[in-house]
Every structure is written in structure tokens, then in C-alpha cells.
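This report concerns only the one structure given below.
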Amino acid sequence: TSVIMGLPFMEISPEFVCKDQTSGQYIIDCSETLACQRADFKIKQPAPESLVTEFELYCDREYLISTIGTTFFFGFMIGAYVLPNLSDKIGRLRTLYFITIGFVAATVLACCSLNIWMLLLAIAGLGFLAAGGSLVSFVLVTEFVGSSSRHTAGIGLMVIFGIQELVIVLVAYLTSQWRYIFVMALGFSVLYYFLLKKMDESPRFLFVKGNYFRMIQSLTCVAKRNKTIMFREKISGKFSDFDLGTQTEDIILEDTQATSSSSKSYSCLHLMRYKSLRINSILCCIQWYICSFSYYGIAFILPSLDANIYTLGALLGIAEVAAILAVGWALERIGRKTCYVVTMIPSAISFAALAIVVSQESLMIFLTLAKFFLSAAFTVIWILSPEIFPTVIRSTATGVCSVSARVGGISAPVTILIGKIIGVNPIVFFCVSCLIGSVLSFLLPETRGRNAPDEIEEENSSSSARNLDSQGTELQPY
């Protein structure tokens, strides 16, 4: 959040003054285009302490501004696939330790960047690590809770995202120095590292990997913190493989190692094996792409609006938090699927209004509404997607969805540029994408109150029970 949502405030362009041919002094206010054409200009003082000013990202170097966001999303796209897949193999907690240490190093590099190329390297690393940090953290938290509380855990994480937007606006308003935003991100990363030491590994992950002893330890610690009945007492005798009350830790660990060594690893290719997983994966990827494409499209069109960037940023941040809280209230009442449908349709309507209105006040109103409904839709799909897929491949599946989202993020500024070239308002593209998302959203499954499957076979069995062919036989892979 600190990086990608902080970019509009780090990329504030300075004002220019051109040379008066009569007096020979720089006293004429001129646009960047005119200044670059005349070449006899100076930056008007006091100048903002932004990336544009420090690294001279104007005139023939202006293209590097859009390169920063593209580089972040490119790193995010790779990390969204690699790191969740890694967490499905070595565990959620180990992966988060690696991500947090790397994030601290990349943030320090960004703070100390001496030129734009050092910064781009740091931005690529931050994008790569931010993808894994957000996705794996989300999966870890939601795997600790039951079906009735998954949305509450997910909403809690999303609210932090919205609050962070407001914090970024405040930091940017108090100081125009772009490095302070990275310093803020560094402070949160260090805090997160120490908080990880208080967390336990996902019991669901440990269970599917056959590491029963560590699973019991994890849930027993949770039971102690919640001051409820000890987990060991509740499940005593439930496992036929061993007796928890008599078997020693060494025997359990030996049995666990044998089970873990034979546990199967899954990749994104397994998402295509069964019809239910295949259809849900494609639907989720399309929805993630549309949400990201339109959501970040709002951020990229901000510089073209004639409005105070801090006021508008605060309004959009408030809309984000309000949308997440509204989703938290509605998810268990009307369901995930219905909630997603009723947020995507108003998003399309808001963009349609944005393409028509001309006054700046109307633009701010409908832009805020578009941000509200898109934030709500993005929150719902974040919560819905992990609930669809089995535990053994949940992080990988969510990572694949996030890759689609990053492609959408990369597409947004390119679409805006294409719109300017061909003379079409880029908001029209965002409107059409939301309309497509609204139609396809009716095909998504409902997961409210449904126990999340642990194994792929469970998902296939439950899907086959609901989807029999005309002869009454179960559908087979492919």
C-alpha cells in the first residue's frame, strides 16, 4: 500500500518558469510542454521534493514516471505466483519471514537510492515481495478461523489497507519528501517482523502435510490464548493413526516425517485438471483482472484531474474504508456472490457517469462512488477466492488470481495512453470492463457457510455430487 498508493504523492510534478526574452529573467509561468520546447526554463521555487524533481523526470525523461508503476506491478505479478506457491511447499510462516526480511532490505535500498535506476531495482523487489506478503498473510489468517468467521478476518486485513491509504495522505501532506513514504513502509516492515514471532503456522497447512504434532501444538496455543478448552483434550482419540494421550513426541514426529515425505505437491497446473476447479479458476482470474484494471485506473487518472490531490486522496481513502466496512456487514447477510454482483453493477454505472459529466465537482463525486464500489468488489473477491479452493492449493490458486490482477494493473496506464492516442475517453474502457464483470459474476459459486475443502479430491467429490451427467455418473477429470 505504501508503495503503489503512495506513487501519486511521490510523483508530483513541479511548476516551470520560462525566460523572458526582454528582461532575460525567468519570470514567465509556462507549462511543462512549452518549457521543454523552449529549453530555457527553470523549476519554480519552492519545488516539491518529489521523484520528478530530484531525478529530473520531465521532458525526454518523463516516460520513466510510468515505468515506476509498471515495474512495481511486473514484480508483483511474478511474486504473486512464486511466493504463494512457495508457501504451499514450505509453509506460510517461513515464507513470511523470508518476505519480511527481503522487504526491509528493498525498502532501505529505495530510501538510499541515488538515481532512478537504483529506485527501479528497489521498486521491482518491493513489488515481488509485496505480492507474497499480502497473499500469504491473507491465506494464513483465514486458515486459522472457521467458515463463520473467515469474512471477519479478511475484512480486518482489508480495513488496514484502507486506513493505510489515509496514513499515506497524511504523511505526504505533512512532508513532500518522497523518501519519507518509504521510511514509513520500513517502520511497518520491522514491526511486522516482530509480530510474526507471536504467530503460529497454519493448522490446516500442517494437517494436509501430515505434520499432526505441530498442528496440535499450534491449536493448543490458540486455545490457551482464547482461554478455551485445550485442543489436545478435544481431539483425543479422534485420530486413528495414533493415541494423543500415550504416544510420545518422537513417535509422532517419526510418523509425521513419514507422512510428510509422501505428501503430494501441487502446482497451478492442477487447477486445470478438474472441471469445477478449472471453471472457478478462470472466473476468478477474470474478476481479479477487471477489479485491478479499474481500481488502479482510478489512481492513474488522478494527475489529469483539476483537483487538490490531498483532498481527493483523503476522499478516496475514506471511500475505501467505508466500502470495506460495508462489505463486512453485508457478507454474512446476503452472501459473497450477491454482494459481489451488487457492487460491480454500480461500479459500471459510476464509470458511465464519469464519462459523461464535465464539471469537476461531479467528477469528484462519481470518482469517489466508483472507488467505493470497486473497493467493495475487490474486497469481496479477495475473500471469496480463497474459500473456493482446497487448502493444499489455496495459496497457489490465490497467487494465480493475483497474477491476473497485476496484469490488469499493468494494463490500466497503457489503456489510458491508448485512449489518448485514439481520442477515446479511457474511462469508457473501465466502464465496459465492469459491465463484463457484472455479467460473469452471476457464474461465481456461493461460499457462505460452506466448509473450505482441504484436499483437491474433496472439492472434486463435492462438485461431482452437484454436477452429474445425463447418465447419472460422476464427472471425471477433463
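Placing a label point 7 Å from the Cα of A105 along the Cα-to-Cβ direction, none of the residues of region 70-93 has a backbone N under 13 Å of that point.
Per-residue packing, averaged as other Cβ atoms within 10 Å, sorts the ranges 187-193, 280-286 into the order 280-286, 187-193, beginning with the highest. Between V432 and R278, the modelled label-to-label distance comes to 2.9 nm, taking each label 7 Å out from Cα in the direction of the beta carbon. Across region 341-355, rounded Karplus estimates of 3J(HN,Hα) from the backbone phi angles (6.51 cos²θ - 1.76 cosθ + 1.60, θ = phi - 60°) give 4, 6, 9, 6, 4, x, 4, 5, 5, 5, 5, 4, 5, 4, 6 Hz, Gly and Pro being marked x.
Amide H contacts under 5 Å for E201: none, restricted to partners 5 or more places along the chain or on a different chain, H placed in the peptide plane at 1.01 Å from N.
Taken along the Cα-to-beta-carbon direction at a fixed 7 Å, the label points for R179 and K89 span 3.8 nm. Taking amide H positions as modeled 1.01 Å from N, with prolines and chain starts lacking one, the residues under 5 Å from F16 and 5 or more places away or on another chain are C30, K44. When each of the peptides 416-423, 311-318, 197-204 is scored by how many other beta carbons lie within 10 Å of its residues on average, the order from highest to lowest is 311-318, 197-204, 416-423. A simple packing score, the average count of other Cβ atoms within 10 Å per residue, orders the peptides 116-123, 211-218, 328-335 as 211-218, 116-123, 328-335, with the highest score first. Per-residue HN-Hα couplings for region 113-126, Karplus 6.51 cos²θ - 1.76 cosθ + 1.60 at θ = phi - 60°, whole Hz, x for Gly and Pro? Those phi angles translate into 4, 9, 8, 5, 6, 4, 5, 4, 4, 5, 5, 4, x, 5 Hz.
Element breakdown for region 1-151 at a 1.4 angstrom probe: carbon and sulfur atoms account for 61% of the accessible area. Phi angles of region 191-198 translate, via the Karplus equation with coefficients 6.51, -1.76, 1.60 and θ = phi - 60°, into HN-Hα couplings of 4, 5, 4, 6, 5, 4, 5, 8 Hz per residue; Gly and Pro are given as x.
The values are calculated or read from the model by the stated rules, or taken from the named source; none is laboratory data. Small disclaimer: the values here were computed from a predicted structure and weren't measured. Counting neighbours? That spans all protein chains shown, and the Cβs are built from the backbone with ideal geometry, glycine included. Note: accessible area is taken over every heavy atom of the protein model, side chains too, but ligands, DNA and RNA are not part of it. Shrake-Rupley method; radii C 1.70, N 1.55, O 1.52, S 1.80 Å.
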